[in-house]
Amino acid sequence: MNLAETAQAAFTEAYGTGPAGLWAAPGRVNLIGEHTDYNDGFVLPFALPQRTVAAAGPAPDGRWSVCSTLAPEPVVFGVTEPGDVTGWGAYVAGIVWALQDAGFEVPPARIAIASDVPLGSGLSSSAALESAVLTALIDLGGLDVPTERRPAIAQRAENVYVGAPTGILDQSASIRCRAGHALFLDCRSYAVEQIPFDLAGEGLAILVINSNAPHQHVDGEYGERRKSCEAAAAALGVPALRDVSTAELPQALDRLDDDVLRRRARHIITENQRVLDTVSLLRSGRVREIGPLLTASHASMRDDFEITVDQVDVAVQAALDAGAYGARMTGGGFGGCVLALVDTGRADATAAAVAAAYEQRGFTAPTSWVATAGPGAARV
Ligand code: GAF
């Protein structure tokens, strides 16, 4: 059974009837631009082929029910406020709440979820869930919600209902990415440019390496980073760190008297520039040349933003030693995945080199695969 069939079967099993339709939304890899989103900056994700499928149909009881292949007993809720539904169902209840809060009449629905986005690996499994449910409810209700508004609604579900202070990157990637493209997003204006990202044509591949490191202190550390960035922007008298250019960096650093704030700010300011530089290179087809930018991004996350762990640092170094053009952690940090830009023919050898480095260190074995840029959220 493929994923859509699995979701359909889960729906029928839970509710005793078939769904009205199936909607899918992908996880993502962020090529570059980490923690820049909540600083009003730039990001460059692409959608993974791995996705979350929501089988959905109208609910005669006027409420919302959601189950999944991992949790077959439906979570059921009526009109809802933040705090009512907790656990994984909060991501779904949050979408219903955020849509209603934005003024839309959300159709009561029964939903069943199936997903092959790895959970807790920094590949946006929660945004994939939110985006699949959001797209399903919008279509079921015939709601007029323009695509460019949708990520902010899903983000609000996560920020206010779930209580995670995340930016707009993941939901934008899941909803707005296109197959064969990376999404250049301005997180202040929400303007996007679809950047052609055909690596196979260049003889290149993005190898994704799941460090399989246990996520630790993710929520608290994420919130801390966000607060530090806001404190640095306030101290510099700008609305957000996006408003400081790399040319202004030396003076900005001089004006910050706290070493931690200085390093946090330096990561964001230089990372925004690396996104812009990566986009320029990709626009002119110079794909291999983005490698050093990826590696510099990793060093900045490791040394200045301090969000990496040993497993991801070892994976990056092993990939580079095996000949990768560049490598970096992707996602929020404290575990998760690394991406490496490699010649297509070197993907297996690079994965093997990382696995060997892990074995030598006694780490849990990594999981690696070549990622291609898939489509954004849509009806299946
Ligand atoms: C997580 C968050 F959800 C995103 O908003 C973003 O900040 C990312 O970490 C880091 O770039 O995925």
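Taken across region 342-360, residues that are in a loop (DSSP other than H, G, I, E, B) and touching a residue at least 40 places away in the same chain (Cβ under 8 Å) do not occur at all.
Of these, Ala128, Ala157, Ala152, Ala164, which one is within 24 Å of Tyr190 (Cα to Cα), hydrophobic (A, V, I, L, M, F, W, C) and modelled with pLDDT under 95? After applying the criteria, what remains is Ala164. What single numbered condition from (1) under 18 Å from Pro58 (Cα atoms); (2) among the aliphatic types (A, V, I, L, M); (3) within 14 Å of the ligand (Cβ to nearest atom) fails to hold for Ile138? Ile138 satisfies all of (1) under 18 Å from Pro58 (Cα atoms); (2) among the aliphatic types (A, V, I, L, M); (3) within 14 Å of the ligand (Cβ to nearest atom) except (3). Report yes if some residue within region 171-189 is assigned by TED's automatic domain parsing to the domain that holds Ala365, within 18 Å of the chain's Cα centre (by Cα), modelled with pLDDT of 95 or more and under 23 Å from Gln273 (Cα atoms); otherwise report no. Looking through region 171-189, none of the residues is assigned by TED's automatic domain parsing to the domain that holds Ala365, within 18 Å of the chain's Cα centre (by Cα), modelled with pLDDT of 95 or more and under 23 Å from Gln273 (Cα atoms).
Considering the conditions (1) aliphatic (A, V, I, L, M); (2) surrounded by fewer than 21 Cβ atoms within 10 Å (Cβ to Cβ); (3) over 15 Å from the mean Cα position of the chain (by Cα), Ala164 is excluded by exactly one of them, (3). Does Leu140 meet the test of being at pLDDT 95 or above and surrounded by 24 or more Cβ atoms within 10 Å (Cβ to Cβ)? Considered against the rule, which asks whether it is at pLDDT 95 or above and surrounded by 24 or more Cβ atoms within 10 Å (Cβ to Cβ), Leu140 comes out as no.
The values are calculated or read from the model by the stated rules, or taken from the named source; none is laboratory data. The structure presented is a predicted model; accordingly, all values stated were derived computationally and were not measured. Because the Cβ atoms are built from the backbone with ideal geometry, glycine has one as well, and the counts that use them run over all protein chains shown.
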